[in-house]
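One structure is given here, and the rest of the page talks about it.
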Amino acid sequence: MVKLYGIPNCDTMKKARKWLADHGIESGFHDYKKLGLDESRLQEWMDQVGWETLLNRRGMMWRKLSQAQRDNINEARARKLMLETPSIIKRPVLITNDGHIEVGFSEDKYKELFQQ
């Protein structure tokens, strides 16, 4: 079973969950706003896709940061920020059965991943 990480009220999450359901792909869901996100899992994601890919620089949480925080972001600061405020992580994070990590939702990419 694939697993989605994110927050339930996000429109992009809703699209991804609907796409998976519509294509008969069973998925689990981890609400990291409620359940949190452990540092080892975040580090695994960062190692595989990079912190720049995970950090959502277009969302409300990013805009709430001070200009100095945004200007001085680096890997260590991004890790701390994502652990403290998981809703700043780009959504969804999809983990496929073979361990592939896909960040964000693209219907074309999901079709490719699941050969639909």
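The values are calculated or read from the model by the stated rules, or taken from the named source; none is laboratory data. Everything quoted here is computed from the prediction, not taken from an experiment. FYI the Cβ positions are ideal-geometry reconstructions off the backbone, even for glycines, and counts take in every protein chain you see.
Does Trp51 count as more than 16 Å from Lys90 (Cβ to Cβ), modelled with pLDDT of 95 or more, of a type in the set (A, V, I, L, M, F, W, C) and touching an Asp or Glu at 6+ places or on another chain (Cβ under 8 Å)? Criteria not met by Trp51. State which residue is surrounded by the fewest Cβ atoms within 10 Å (Cβ to Cβ) when the search covers only region 15-35 and only residues that are aliphatic (A, V, I, L, M) and touching a residue at least 60 places away in the same chain (Cβ under 8 Å). Among them, the one singled out is Ile25.
Restricting region 86-104 to residues that are of a type in the set (A, V, I, L, M, F, W, C) and touching a residue at least 40 places away in the same chain (Cβ under 8 Å), the residue that is nearest to Gly59 (Cα to Cα) is Ile89. Pairing residues of region 105-116 that are of a type in the set (Asp, Glu) with residues that are surrounded by 12 or more Cβ atoms within 10 Å (Cβ to Cβ), at Cβ distances under 7 Å and at least 6 apart in sequence or on separate chains, gives Glu107/Trp19.
Of everything listed in (1) of a type in the set (Asp, Glu); (2) modelled with pLDDT under 95; (3) surrounded by 19 or more Cβ atoms within 10 Å (Cβ to Cβ), the single unmet condition for Glu102 is (2).
Please go through region 36-72 and give me each residue that is touching a Leu at 6+ places or on another chain (Cβ under 7 Å) and either more than 18 Å from Asp98 (Cα to Cα) or exposed (fewer than 15 other Cβ atoms within 10 Å of the Cβ) (or both), ordered by number. Leu37, Glu39, listed by residue number. Taking region 1-39 as the range and being within 10 Å of Pro92 (Cα to Cα) and β-branched (Val, Ile, Thr) as the test, the residues that pass are Ile7, Thr12. Of all residues in region 42-67, those that are under 20 Å from Asn9 (Cβ atoms) have Cβ atoms under 8 Å from Cβ atoms of residues that are modelled with pLDDT under 95 and of a type in the set (Ser, Thr, Tyr), 6 or more apart or on another chain, in Gly59/Ser87; Met61/Thr85; Met61/Ser87.
Highlighted here are the helices (runs of 4 or more DSSP H) found entirely within region 61-116 that include at least 3 residues which are closer than 16 Å to Ser27 by Cβ and among the charged types (D, E, K, R): 107-114. Looking at region 41-63, is at least one residue β-branched (Val, Ile, Thr), out of contact with any helix residue (DSSP H, G or I) (no Cβ under 6 Å at 6 or more places or on another chain) and under 22 Å from Tyr110 (Cα atoms)? Yes, there is a match, as at least one residue in region 41-63 is β-branched (Val, Ile, Thr), out of contact with any helix residue (DSSP H, G or I) (no Cβ under 6 Å at 6 or more places or on another chain) and under 22 Å from Tyr110 (Cα atoms).
Cβ-Cβ contacts under 8 Å between residues 6 or more apart (or on different chains), taken from a first residue in region 1-14 that is touching a residue at least 40 places away in the same chain (Cβ under 8 Å) and in a helix (DSSP H, G or I) to a second residue that is surrounded by fewer than 17 Cβ atoms within 10 Å (Cβ to Cβ) and small (Gly, Ala, Ser), are listed as Thr12/Gly104. Summed over region 15-57, the residues that are small (Gly, Ala, Ser) and not in a loop (DSSP other than H, G, I, E, B) give a count of 5.
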